[in-house]
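Have a look at the structure below before the remarks.
The numbers here are math on the coordinates, done by the rules we state, and not lab data. The structure presented is a predicted model; accordingly, all values stated were derived computationally and were not measured. Every residue, glycine among them, receives a Cβ derived from its backbone with ideal geometry; neighbour counts consider all protein chains shown.
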Amino acid sequence: MEVFVKEPSEHSHAPNPDRVHVIRLKHEIKARGSSSDEAISIILFDALRSIPLNAVPGLPTNNALMQTIRRHTYN
């Protein structure tokens, strides 16, 4: 069995574990937006309370997150 191992390139870097929190937050707000009658701001700020502070720099702006919720709400 031959195994090919790639040489590290200049772009090689460790994965960003904080990105997981951002992805989970986006999934949570999309799900709550599509299944809840809560106000968009309530959904967003409830979700933001659970995210660790070290993941905050990787978040989109509040306006972008609110637009994401709007796209998934039933009108």
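Among ALA55, ALA39, ALA14, the largest mean-square fluctuation in a Gaussian network model of the chain, built with springs joining Cα atoms closer than 10 Å, belongs to ALA14. Farthest towards the positive end of the charge dipole of the chain, among the residues THR61, HIS21, THR73, is the Cα of THR73, using unit charges on the Cβ of Lys, Arg, Asp and Glu. Dividing the mean sequence gap of close Cα pairs (under 8 Å, 6+ apart) by how many residues the range 18-71 holds gives a relative contact order of 53 percent. Among ARG32, ARG71, ARG24, ARG49, a tally of other beta-carbon atoms within 10 Å of each Cβ gives an order, fewest to most, of ARG49, ARG71, ARG24, ARG32. Taking the Cα centre of the chain as origin and assigning +1 to Lys and Arg Cβ atoms and -1 to Asp and Glu Cβ atoms, the resulting dipole is close to 280 debye. Taking the longest Cα principal axis of the chain as reference, the axis of helix 18-35 is set at about 30 degrees.
Simple spin-label estimate for SER35 and ASN63 gives 3.1 nm between the two label positions (7 Å along the Cα-to-Cβ direction from each Cα).
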